1. Just in the stretch 229-304: which trypsin sites (Lys or Arg not before Pro) are loop by DSSP and have at most 14 other Cβ atoms within 10 Å?
2. Distance between Cα centroids, the stretch 70-97 to the stretch 215-244: provide it in whole Å.
3. In terms of Cα to Cα distance under 19 Å, which aspartates and glutamates are near enough to Lys163, apart from those fewer than 8 places away along the same chain?
4. Using +1 on the beta carbon of Lys and Arg, -1 on that of Asp and Glu, and nothing else charged, what's the dipole of the chain about the Cα centre, debye to 20?
5. Specify which labelled value, from (1) 78, 47, 41; (2) 57, 42, 33; (3) 59, 45, 36, agrees with Cα extents along the principal axes in Å derived from the coordinates of the model shown.
6. On C-alpha positions alone, give me the angle between the axis of helix 195-210 and the longest principal axis of the chain, in degrees, nearest 10.
7. How much mean residue ellipticity at 222 nm does the chain get from its helices, if each DSSP H run of length 4 or more adds -39500 (n - 2.57) and you divide by all residues, to the nearest 500 deg cm²/dmol?
8. Would you work out if the stretch 102-213 is rounded, prolate or oblate? Take a ≥ b ≥ c from the square roots of the eigenvalues of the alpha-carbon gyration tensor; rounded if a/c is under 1.5, else prolate when a/b is larger than b/c, oblate otherwise.
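Just so it is clear, none of the values below were taken in a lab; they were calculated from the coordinates. Since the model is a prediction, treat every value here as computed from it, not as a measurement. Here Cβ is always computed from backbone atoms with ideal geometry, including for glycine, and neighbour counts include all displayed protein chains.
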Amino acid sequence: MTDKTKIENRNSFRTGSIALVGRPNVGKSTLLNRILGEKLAIVSEKPQTTRTRILGIRNSSDAQVLLIDTPGLHKPDTKLNQTMVRTAVNVILDADLIFLLMEMGKKGLNRDEEIMGYVKTETPLFLVITKADLVPREALLPVIEEYSKRGVFKEIIPVSALKNENIDRLMEIAIPYLPIGPPLFPLDEYTDQPIRFLASEIIREKIIQKVYQEIPYSTAVHIESFEEYPEKKQVSIRAVIYVDRSSQKGILIGHKGALLKKVGTEARLELEKILDAKVYLETWVEVSENWKNNDQVLKSLGYE
């Protein structure tokens, strides 16, 4: 959003938080990015890509909407996964409105009764049916009718973030559910995430893209240093990539360092667009066995 946003009427201005929750890989991050019009959350076809809460801020003349992307709800098997689920549950408890996302596949809605246990709350609840472009409208109507009869959802809205279908309508309906109040953030901001976090996530996204099959869940990125030189329009970043095992280190580095170099180059180019500056990016790989169950490592990575 831009600093040209003006508040038309402070007495009716609304500010509130919306939690985006659901199973892994139902499209929460894609929806967040589409609503914001900015790439804030990394996106992958692999589930459990989002590991922590990510706040996106959507500003308009009548509302400041705080959209909170959350890790996918699932049965945790490591301390990292336990932290991810706990993060999502805490966001649910604090939100003013909840978007429960369920995915529309070619065989119909991927129904998820277990997930309903996480959102038993007095907070207003929307059912957002994602990837609705995969089926004809007539296939959606029985699903909407069925879930409407439950009396749980304030609204049931099918959307396609990929094709930008029904996104504006979703937000128009959501804003009246938010409380009246002044904005909590400047009207030209679209996140509270520090640029160090965005840098680590972009690097991790490139890793997932390059080693999609081999090590999608076994890597983490820690920014060792982030130095800005405004007078030169330069940024220097040093990042360590953690993996579970030595064999994964070899896969990620690649033959003569070729794969790690590709990861660094693609991450650097994307960061230069975001920062509007020349970026010097240094990456290296370290083995930290079972880091996903190591409290000290998890804390250093910001997974608390």
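1. Values: sites: Lys232, Lys233, Arg238, Arg245, Lys249, Lys256, Lys261, Lys262, Arg268, Lys273, Lys278, Lys292, Lys299; in loops: Lys233, Arg245.
Those satisfying the criteria are Lys233, Arg245.
2. After rounding, the separation between the Cα centres reads 26 Å.
3. Output for Lys163: Glu38, Glu45, Glu103, Asp133, Glu138, Glu172.
4. On the way: 43 positive and 42 negative charges, 136 e Å.
Charge dipole, the chain, about its Cα centre: 660 debye, nearest 20.
5. (3)
6. Rounded to the nearest ten degrees, it is 80.
7. Values: 8 runs with 93 residues, N = 304.
So the calculated ellipticity at 222 nm is -9500 deg cm²/dmol.
8. Values: a/c = 1.91, a/b = 1.23, b/c = 1.56.
Oblate, because a/c is 1.5 or more while a/b does not exceed b/c.
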